[in-house]
Amino acid sequence: MWGIIISIVMAIIIGLIGDALAGHNMPGGVIGAMIAGFAGAWLGALLLGNWGPVIGNFAVIPAIIGTALFVFLLGLVSRLLRQAA
């Protein structure tokens, strides 16, 4: 039970840090940050591997970098869709 709670809290923290680094406003508030944290952790582990400190089954540094990349790409797609409409 505590493992799930720690994973969710870490996803939220990583999502907020990644959002701040990318310079965009992640839609969805805390839930959006949590989703971005989980997606960014997956993307960061896929691109960079699992190195650095691990908290709540997240390799923190690759997860933050992956989340920043995910938020940045999401912002680009959002801008492109707004221009097309």
* Structure fact -> For residue 30, the lone unmet condition from (1) out of contact with any strand residue (DSSP E or B) (no Cβ under 7 Å at 6 or more places or on another chain); (2) surrounded by 14 or more Cβ atoms within 10 Å (Cβ to Cβ) is (2)
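On the basis of being polar (S, T, N, Q) and at pLDDT 85 or above, does residue 57 make the cut?
no
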* To do: Looking only at segment 12-22, decide whether some residue is loosely packed, with under 12 Cβ neighbours inside 10 Å and without any contact (Cβ under 8 Å) to a residue 24 or more places away in the chain.
  => no
* Given the conditions (1) over 12 Å from residue 12 (Cβ atoms); (2) touching a residue at least 40 places away in the same chain (Cβ under 8 Å); (3) not β-branched (Val, Ile, Thr), which single one is not true for residue 58? -> (1)
* **Leading residue by the ranking (farthest from residue 76 (Cα to Cα)) among those in segment 5-61 that are among the aromatic types (Phe, Trp, Tyr) and outside any helix (DSSP H, G or I)** => 51
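The values are calculated or read from the model by the stated rules, or taken from the named source; none is laboratory data. None of the values given here were measured: they were computed from a predicted structure. FYI the Cβ positions are ideal-geometry reconstructions off the backbone, even for glycines, and counts take in every protein chain you see.
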